[in-house]
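Participant: Mind looking over this structure? Questions follow.
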Amino acid sequence: MAGKPQKPSALLVNQRGGRAAATATRTVSPLAKGEKNPMPPAPRDFSPVAKAAYNAVRSSSLAREIQSTDLIAFRHYCQCVAERERVLSEIKPGQEVLEGSTRQPVLNPYYKRESQLSDRIKHYEEQFGLTLGARIRLRIQVGVTELQELEAEGRLLSLRRPQAPATARRVVPGPAPDVIEGQFTVRDLDTELS
């Protein structure tokens with residue numbers, strides 16, 4: 001019917017805290033010494049490059065944010081990183097364009113594969129918050145930066161370089177030897193006052 005709501009207003013209210021809860025930033029602190037890491041160790045079948053990518057995230061404070069349900073996708077991210085490194089090592093300088101089956105110039109297929117892998121890696125980096133922009137979108141603040149620690153301790157001001165005092169300048173109308181009459185010139189007050 002016209003003029004009547006389709007649903008009762010009680011059903012329209014957000015029961016989970018509204019926008020304020022959705023826009024709150026979560027601070028992820030680094031793992032304390034002796035605290036159990038929530039991520040399992042890198043799988044044995046990983047290549048050294050994939051293990052390095054896995055352990056880089058596992059040793060960071062983002063390890064708390066990767067849930068056990070995300071481990072399969074995160075494993076795929078590490079394998080994409082390793083495969084991209086392998087593909088890049090296969091590309092030799094000067095082989096950007098190859099000869100096709102009918103002797104036409106063809107782009108090296110490794111470049112297409114590298115582009116596909118880079119797109120997948122970018123997707124996973126945004127999904128897991130591995131870049132600054134992704135952490136901002138996911139509203140994750142990773143630990144306290146060194147600058148924030150110094151600022152909290154009050155030592156930030158002492159680390160800044162003192163700036164040289166600015167010399168006072170004023171613009172005065174008047175002729176100058178190489179300036180047309182009526183234009184403005186800049187003169188140092190320091191030289192005028194002495």
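Participant: Sort out which residues of the stretch 36-76 are closer than 17 Å to Arg135 by Cα, in a helix (DSSP H, G or I) and not basic (Lys, Arg), and write them in order of number.
Facilitator: Ala56, Val57, Ser61, Leu62, Ala63, Asp70, Phe74
Participant: Restricting to the stretch 45-73, what's the tally of residues that are of a type outside the set (S, T, N, Q), exposed (fewer than 15 other Cβ atoms within 10 Å of the Cβ) and over 21 Å from the mean Cα position of the chain (by Cα)?
Facilitator: Count: 4.
Participant: Quick check: is even one residue across the stretch 22-31 at pLDDT 75 or above, hydrophobic (A, V, I, L, M, F, W, C) and surrounded by 11 or more Cβ atoms within 10 Å (Cβ to Cβ)?
Facilitator: Among the residues of the stretch 22-31, not one is at pLDDT 75 or above, hydrophobic (A, V, I, L, M, F, W, C) and surrounded by 11 or more Cβ atoms within 10 Å (Cβ to Cβ), which makes the answer no.
Participant: Something else about it: List, please: which pairs have Cβ atoms under 9 Å, are six or more places apart or on different chains, and start with a residue in the stretch 84-102 that is of a type outside the set (Ser, Thr, Tyr) and end with one that is assigned to a loop (DSSP other than H, G, I, E, B)?
Facilitator: Note: pairs meeting the criteria are Glu85/Ser47; Arg86/Ser47; Ile91/Asn108; Gln95/Asn108; Glu96/Asn108; Val97/Asn108; Leu98/Asn108.
Participant: Quick check: anything in the stretch 74-97 closer than 22 Å to Arg139 by Cα, in contact with a Pro (Cβ under 7 Å, 6 or more places away or on another chain) and either surrounded by fewer than 18 Cβ atoms within 10 Å (Cβ to Cβ) or of a type in the set (A, V, I, L, M, F, W, C) (or both)? Spell out the reasoning first.
Facilitator: Looking only at the stretch 74-97, we keep the residues that are closer than 22 Å to Arg139 by Cα, and these are 74, 77.
Add one more test, that the residue is in contact with a Pro (Cβ under 7 Å, 6 or more places away or on another chain), and what stays is none.
Looking through the stretch 74-97, none of the residues is closer than 22 Å to Arg139 by Cα, in contact with a Pro (Cβ under 7 Å, 6 or more places away or on another chain) and either surrounded by fewer than 18 Cβ atoms within 10 Å (Cβ to Cβ) or of a type in the set (A, V, I, L, M, F, W, C) (or both).
Participant: Follow-up. Just checking: which of the helices (runs of 4 or more DSSP H) contained wholly in the stretch 85-194 hold 1 or more residues that are at pLDDT 75 or above and among the basic types (Lys, Arg)?
Facilitator: 109-128, 132-138
Participant: Let me ask something else about it. Output the number of residues of the stretch 4-21 satisfying the condition of being under 27 Å from the mean Cα position of the chain (by Cα) and either of a type in the set (D, E, K, R) or at pLDDT 80 or above (or both).
Facilitator: 1
The values are calculated or read from the model by the stated rules, or taken from the named source; none is laboratory data. Nothing here was measured: the structure is a model prediction, and the numbers come from that model. Reconstructed Cβ throughout: ideal geometry from the backbone, glycine too, with neighbour counts over all protein chains shown.
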